[in-house]
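None of the figures in this text is laboratory data; all of them are computed from the coordinates on show. Owing to the predicted nature of the structure, the values given are computational and were not obtained by experimental measurement. Positions of Cβ are backbone-derived with ideal geometry, glycine not excepted, and every protein chain shown enters the neighbour counts.
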Amino acid sequence: MNEQIKRNLLRNDIIGKVLFSSEDIQKKVIELGNKITEDYIGKDLLLISVLRGGIIFLTDLIRHIDLEICLDIMSISTYGIGESSTGVVRITKDLEEPIEGMDVLIVEDIIDTGLTISYLMRTLKARYPKSLEICTLLDRNVRRITDIKIKYVGFNIGENYIVGYGLDYKQKFRNLNAIHELKIDTVKKDIESIKNSSIF
Ligand code: 5GP
């Protein structure tokens, strides 16, 4: 069997049904962009995204914000022990500029337990922004274990692990236009160990 056919078979075993189509996502991104534009008129808006997953959403979102915004990127590693994420986060690439006095909006792909974003909020608050808010495309609040306030949410989702539109499975499938559920149980069983051990 040739390599490409093998790859397609494997991919068909992994990628499940579409949860949000490319059209659903683009419609939502426009809606969020318009809302953010209205809310931040006359303000010094800085959008911060977190590598790697958040970058796809960010690049689409900013093109629907009709303001003179600034942009910065952070990269972090998350660690977990046992059954759940510990919220132990390490900054592997910090922001390029100070954020003091700016209206800062963190743009995330997904908020799950909330531990990662809580760490980021604490870290960035200590740098004296004028305001600090969160925009996430996906909110899995059924697994939330921290108390966080999210200003903008694209979609609420359930327990199932998802891929596409920036979200990976073993670092792959970030480039899918739609957001899919993962298909097979064996893959799903694998998820907890990935979430608890890898850099998302
Ligand atoms: P939290 O700290 O909120 O538990 O986890 C946030 C991070 O976990 C996200 O930024 C993302 O990288 C990863 N994550 C959580 N759920 C999923 C999911 O369903 N699919 C993928 N690909 N990553 C996820």
Problem set entry | Estimated FRET transfer efficiency when R0 is 22 angstrom, pair R122-L71 (beta carbons, to 0.05) | 0.50
Exercise. So which trypsin sites (Lys or Arg not before Pro) in the stretch 135-181 pass both tests, a DSSP loop state and at most 14 other Cβ atoms within 10 Å of the Cβ?
Worked result: K149, K170
Problem set entry | For L46, distant residues with modelled amide H under 5 Å away | C70, D103, V104, L105
Exercise. What is the fewest-to-most order of C135, C70 by other Cβ atoms lying within 10 Å of their Cβ?
Worked result: C70, C135
Problem set entry | log10 of Debye I(q)/I(0), alpha-carbon scatterers only, for the stretch 22-159 at 0.13, 0.15 Å⁻¹ | -0.53, -0.72
Exercise. Mean separation of Cα pairs under 8 Å and 6+ residues apart, divided by the residue count of the stretch 22-159: what relative contact order is that in percent?
Worked result: 21 percent
Problem set entry | Additional length obtainable on full extension of the chain from I41 to R63, 0.36 nm per residue less Cα span | 6.4 nm
For this session: Note down the net charge around L95, summing +1 for each Lys or Arg and -1 for each Asp or Glu among other residues with Cβ under 12 Å from its Cβ.
Result: -3
